[in-house]
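Note sheet for the following structure.
The values are calculated or read from the model by the stated rules, or taken from the named source; none is laboratory data. Computed from a predicted model, the values in this text were never measured in an experiment. Methodologically, a virtual Cβ is constructed for each residue, glycine included, from the backbone with ideal geometry; neighbour enumeration extends over all protein chains shown.
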Amino acid sequence: MKTHIPVMLPEVCRILEDVKNLRFVVDATLGLGGYSEGVLLKWRKTAVLGIDQDPQAIEVARRKLMDFGDRFRAVHGNFRDLSSILGKAGMGKPDAVLFDLGISSMQIETPDRGFSFQENGPLDMRMNILDEHQEMAGDIVNTYSMRELTTIFRKFGEDPYAAQIARGIVKFRETSGPIKSTSQLVDIIRNTLPAPVQRRMGRNPARKIFQALRIAVNDELEALNDALGQCEALATGSMMVIVVSYHSLEDRIVKNRFRKWFSEGRGRLPFRRPMVPGESELEENWRSRSAKLRAFQFAATAAEVTGQ
């Protein structure tokens, strides 16, 4: 497995410097612990609570950060349950909440998880592999109607060829039976789209379909909406919310929520346009190429808002 590089970590730390007396940070998407480690190293008296729904990631992060002792705690859970997780943790309200909405290198590079369109594996895509009752990508691909598949591919993948691909999937099911692997699904997509279309796309034609299936399986957009709503309810003092997103659907939700808070006088936008990785980071970590970073700081007092 390649080393996981947290995207725009220096920028995240510079934003956190605006929080006075940074005592407690929630890393709502712990992953392999890169952001948590950065915070713990820079602020020697700050505690971090890491949340992740992937039990494998939790174990890796715990081992990685064990030397920080009781300054770091990890909880298996979904950030859409942020309020209840914090209530059970008994650590009080956070001074900052950080979300990195991408999937980790470990998830992509483990074929058995089914996230990668470049590796052969089962059509799983569950973030929480312990939930045996959760619908998997294979369930969607093999049981949804052409209309339902088209809706998912358009809504969550923004794929202009959604209907054609859905039709190809249903046709394959009818003639050859269930689709059992990621490679098989990629082949169906390649065989469905004309070669000139694939050349114009420039990237793997399955990329947006895999994104759509992952979002649908894990209900990612609604979970993000739920989590941001709970941040608003939890906001106290000058709490900072930082979000790194990787596609327009996520970024639109974050942008609109932050602008709404700002228009309501809830706090300030440290910067109006999203931050993006610099050239040196793109050279070091090509997976950061689509990342956008936004932040919102709730106001401790009305004077902080009017004084902006």
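Just a yes or no: is a residue in segment 298-307 part of a loop (DSSP other than H, G, I, E, B) and in contact (Cβ under 8 Å) with a residue 60 or more places away in the chain?
Restricting attention to segment 298-307, the residues satisfying the condition of being part of a loop (DSSP other than H, G, I, E, B) are 299-301, 307.
From what is left, the residues that are in contact (Cβ under 8 Å) with a residue 60 or more places away in the chain are 299-300.
Yes.
Could you list, in sequence order, all residues of segment 162-205 that are of a type in the set (Ser, Thr, Tyr) and in contact (Cβ under 8 Å) with a residue 40 or more places away in the chain?
Residues satisfying the conditions are 181, 182, 183.
Please count how many residues of segment 269-302 are surrounded by 19 or more Cβ atoms within 10 Å (Cβ to Cβ) and farther than 29 Å from residue 108 by Cα.
Counting residues in segment 269-302 that are surrounded by 19 or more Cβ atoms within 10 Å (Cβ to Cβ) and farther than 29 Å from residue 108 by Cα gives 4.
What number of residues within segment 140-160 are in a loop (DSSP other than H, G, I, E, B), free of Cβ contacts under 8 Å to residues at least 60 places away in the same chain and within 21 Å of residue 201 (Cβ to Cβ)? Outline the logic, then answer.
Pass one, segment 140-160, residues in a loop (DSSP other than H, G, I, E, B): 144-145, 158-160.
Among the residues that remain, those that are also free of Cβ contacts under 8 Å to residues at least 60 places away in the same chain are: 144-145, 159-160.
So of that shortlist, the ones also within 21 Å of residue 201 (Cβ to Cβ) come out as 159-160.
Summing the residues that are in a loop (DSSP other than H, G, I, E, B), free of Cβ contacts under 8 Å to residues at least 60 places away in the same chain and within 21 Å of residue 201 (Cβ to Cβ) in segment 140-160 gives 2.
Can you name every residue in segment 102-113 that is under 17 Å from the mean Cα position of the chain (by Cα) and not in a loop (DSSP other than H, G, I, E, B)?
Here is the first cut: in segment 102-113, the ones under 17 Å from the mean Cα position of the chain (by Cα) are 102-109, 113.
105, 106, 107, 108, 113 - these are the residues of segment 102-113 that are under 17 Å from the mean Cα position of the chain (by Cα) and not in a loop (DSSP other than H, G, I, E, B).
Here's the yes/no breakdown for (1) among the hydroxyl-bearing types (Ser, Thr, Tyr); (2) closer than 21 Å to residue 56 by Cβ:
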{"residue": "109", "(1), (2)": "no, yes"}
{"residue": "113", "(1), (2)": "no, yes"}
{"residue": "122", "(1), (2)": "no, yes"}
{"residue": "129", "(1), (2)": "no, yes"}
{"residue": "136", "(1), (2)": "no, yes"}
{"residue": "157", "(1), (2)": "no, no"}
{"residue": "173", "(1), (2)": "no, no"}
{"residue": "192", "(1), (2)": "yes, no"}
{"residue": "215", "(1), (2)": "no, yes"}
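Restricting to segment 114-139, name every residue that is under 15 Å from residue 219 (Cβ atoms) and part of a helix (DSSP H, G or I).
Pass one, segment 114-139, residues under 15 Å from residue 219 (Cβ atoms): 125-128, 131, 133-137, 139.
Correct list: 137, 139.
So residue 99 ticks every box in (1) within 14 Å of the chain's Cα centre (by Cα); (2) in a helix (DSSP H, G or I) but one. Which box is left unticked?
(2)
Would you mind stating whether residue 172 is within 26 Å of residue 52 (Cα to Cα), among the aromatic types (Phe, Trp, Tyr) and either surrounded by 15 or more Cβ atoms within 10 Å (Cβ to Cβ) or in contact with a strand residue (DSSP E or B) (Cβ under 7 Å, 6 or more places away or on another chain) (or both)? Don't jump to the end; show me each part of the working.
Details: within 26 Å of residue 52 (Cα to Cα): no; among the aromatic types (Phe, Trp, Tyr): yes; either surrounded by 15 or more Cβ atoms within 10 Å (Cβ to Cβ) or in contact with a strand residue (DSSP E or B) (Cβ under 7 Å, 6 or more places away or on another chain) (or both): yes.
When the stated conditions are applied, residue 172 does not pass them.
Tell me, please, whether a residue that is in the same structural domain as residue 240 (by TED's automatic domain parsing) and part of a strand (DSSP E or B) can be found in segment 28-42.
At the first step, the residues of segment 28-42 found to be in the same structural domain as residue 240 (by TED's automatic domain parsing) are 28-42.
Applying the additional criterion that residues be part of a strand (DSSP E or B) yields none.
Looking for residues that are in the same structural domain as residue 240 (by TED's automatic domain parsing) and part of a strand (DSSP E or B), one finds none in segment 28-42, hence no.
Within segment 208-253, how many residues turn out to be over 27 Å from residue 144 (Cβ atoms) and of a type in the set (D, E, K, R)? Can you show your working first?
Taking segment 208-253 as the starting set, the residues that turn out to be over 27 Å from residue 144 (Cβ atoms) are 228-244.
Now restrict to residues that are of a type in the set (D, E, K, R): 232.
Residues in segment 208-253 being over 27 Å from residue 144 (Cβ atoms) and of a type in the set (D, E, K, R): 1 in total.
Of the residues 238, 245, which single one is modelled with pLDDT under 95 and within 30 Å of residue 257 (Cβ to Cβ)?
On the way: 245 fails: modelled with pLDDT under 95.
The conditions single out 238.
Does segment 76-94 contain at least one residue that is of a type in the set (D, E, K, R) and in contact with a strand residue (DSSP E or B) (Cβ under 7 Å, 6 or more places away or on another chain)? It would help to see each step written out before you state the result.
Start the filter on segment 76-94 by keeping residues that are of a type in the set (D, E, K, R), which leaves 80-81, 88, 93.
Checking the rest, the ones that are also in contact with a strand residue (DSSP E or B) (Cβ under 7 Å, 6 or more places away or on another chain) come to none.
For segment 76-94, residues of a type in the set (D, E, K, R) and in contact with a strand residue (DSSP E or B) (Cβ under 7 Å, 6 or more places away or on another chain): absent.
So residue 109 ticks every box in (1) surrounded by 16 or more Cβ atoms within 10 Å (Cβ to Cβ); (2) under 18 Å from residue 207 (Cα atoms) but one. Which box is left unticked?
(1)
Can you name the residue in segment 41-71 that is of a type in the set (A, V, I, L, M, F, W, C) and more than 29 Å from residue 130 (Cα to Cα) and is also surrounded by the fewest Cβ atoms within 10 Å (Cβ to Cβ) among such residues? Steps first, answer last, please.
The first filter runs over segment 41-71 and keeps only residues of a type in the set (A, V, I, L, M, F, W, C), leaving 41, 43, 47-49, 51, 57-58, 60-61, 65-66, 68.
From the residues that got through so far, the ones that are more than 29 Å from residue 130 (Cα to Cα) too are 41, 43.
On the way: 41: 11, 43: 18.
The extreme case among them is 41.
All but one of (1) surrounded by 15 or more Cβ atoms within 10 Å (Cβ to Cβ); (2) over 26 Å from residue 86 (Cα atoms); (3) touching an Asp or Glu at 6+ places or on another chain (Cβ under 9 Å); (4) not acidic (Asp, Glu) hold for residue 181; state the number of the condition that does not hold.
Every listed condition holds for residue 181 apart from (3).
Conditions tested, residue by residue: (1) under 19 Å from residue 100 (Cα atoms); (2) free of Cβ contacts under 8 Å to residues at least 40 places away in the same chain.
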| site | (1), (2) |
| --- | --- |
| 5 | yes, no |
| 21 | no, no |
| 35 | yes, no |
| 43 | no, yes |
| 49 | yes, no |
| 72 | yes, yes |
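Assuming residue 272 fulfils every condition listed in (1) among the charged types (D, E, K, R); (2) closer than 22 Å to residue 30 by Cα; (3) assigned to a loop (DSSP other than H, G, I, E, B) apart from one, which condition is it?
(2)
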